[in-house]
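Every read-out reported here was derived from the displayed coordinates using simple, explicitly stated rules and does not represent laboratory data. Just so you know, these numbers come straight off a predicted model, no measurement behind them. Cβ coordinates were reconstructed from backbone atoms using ideal geometry, including for glycine residues, and neighbour counts include every protein chain displayed.
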Amino acid sequence: MGGKIGTDRGGRRQVAVLDSADVCAPILLMTADFRIGTQGWNYDAWVGPFYPVGTRSADYLTVYARAFDTVEVDSTFYAVPPAKTVRGWYDRTPRGFIFALKLPQEITHERRLRGAEDVASLFFERARELREKLGPVLIQLGPDFGPVELPALAKLLPTLPRDIRFSVEFRHRGWIQDGVLALLAEHGVGLTLTDARWLPRKQMLALASRPTADFLYVRWMGANRDVVDYSRIQLDRTQEIEQWAGVLWPLALKGVRVYTYVNNHFAGHSPQSARELQRALRLSPVDPESLGEQMSLF
């Protein structure tokens, strides 16, 4: 058997498996759907190494979307965004772009998933302004939100709207148990896999083979917050990238859509880390130098 590989802009790697003569029509076509991006886009330190010199902050998202087809929005964690802001995100990105939004901390950290129907309803209303560009909503729970609060999570999950994908990030090790995974799977809610200091990477890699939804949400956070310069790679994460690529590619071939977002603290400069993951998955990253050639479009 032979094979030919192609990649579309959305990161869907198509593998056509041919017969031994390699001249007949494909007898099998498998599509791996990867969405690889960063956590946020509004970083002045990226001007030069990623954004072309002279890029205005108002144009960051538009330029970002020429290199990546998805982004995790951190600002929604701090407040429900105005409808005008969300529509602006939609208008400044091309067809096929996907936004992952973080559920507001008022719901997750302040009200601890209890009695937050009013905030949640408003947030979902605003999120739907993204229409087909709305990706998963991240329910990030703090390290002080332990398994003793399982009743609050169990009560929340059945109330989540069915037209939106959700993924839960636990930062307390006690949550990683079969009963919790079964609960998430019952409601089609993903378990977020996080490469960070609070959960062992080995455990996260193993959990990749046990998705609780038809998609997987991966966050590369880094082990600490010592990195303060976001303009360049400062930590060699080659081994970690290769480890993740090794588990993500087979999973995607099984039909699980993979969303993965890199934080600046992972290695120092998340756009480059995201491109390194693309290369590890045999995708074709966009060269930042080519973004400057497109500035005339503004």
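Here the simple spin-label model places points 7 Å from the Cα toward Cβ, and for Ala206 and Arg162 these points are separated by 3.5 nm. In segment 232-298, which trypsin sites (Lys or Arg not before Pro) fall in coil by DSSP and have 14 or fewer other Cβ atoms within 10 Å? Those satisfying the criteria are Arg232, Lys254, Arg282. With 30 Å as the limit, the listed pairs Lys84/Lys254; Lys133/Lys202; Lys133/Lys155 have Lys84/Lys254; Lys133/Lys202 beyond it between alpha carbons. Dipole size of the chain about its Cα centre, with +1 on Lys/Arg Cβ and -1 on Asp/Glu Cβ: approximately 260 debye, rounded to the nearest 20. Peptide packing for 135-145, 88-98 was compared via the average number of neighbouring C-beta atoms within 10 Å per residue; ordered from the highest value, the list is 135-145, 88-98. Where only DSSP H runs of four or more residues are counted, the chain gives -8000 deg cm²/dmol as its mean residue ellipticity at 222 nm, each run worth -39500 (n - 2.57).
Quick one: if the Förster radius is 35 Å, what FRET efficiency do Ser75 and Trp198 give, using the C-beta to C-beta distance and rounding to 0.05? Numbers along the way, then the final one.
Numbers: r = 23 Å, r/R0 = 0.65.
Computed FRET efficiency for Ser75 and Trp198 comes out at 0.95.
The value obtained for segment 34-297, namely the Cα convex hull volume divided by the number of residues, is 123 Å³ per residue. Dipole of the chain computed with +1 at Lys/Arg Cβ and -1 at Asp/Glu Cβ about the Cα centre; of Val256, Gly88, Leu61, farthest Cα towards the positive end is Val256.
How big is the antiparallel share of DSSP beta bridges in the chain, given as a percent to the nearest 5?
Working: 12 of 43 bridges.
Once the DSSP bridges in the chain are tallied, antiparallel ones form about 30 percent.
Relative protection proxy for 59-69, 42-52, from highest mean packing down: 59-69, 42-52 (other beta-carbon atoms within 10 angstrom). Compared with the direct C-alpha span, the chain from Asn42 to Ala223 gains 62.9 nm at full extension, assuming 0.36 nm per residue. Between Phe266, Phe124, Phe166, the residue with the greatest mean-square fluctuation in the GNM of the chain (Cα pairs under 10 Å linked by springs) is Phe124.
Summarising the label geometry, the points placed 7 Å from Cα in the beta-carbon direction at Tyr90 and Arg232 lie 4.2 nm from one another.
Counting other Cβ atoms within 10 Å, keep those with at most 15, restrict to DSSP loop, and tell me which trypsin sites (Lys or Arg not before Pro) in segment 130-179 are left.
Values: sites: Arg131, Lys133, Lys155, Arg162, Arg165, Arg171, Arg173; in loops: Arg162, Arg165, Arg171.
Listed in order of number, the matching sites are Arg162.
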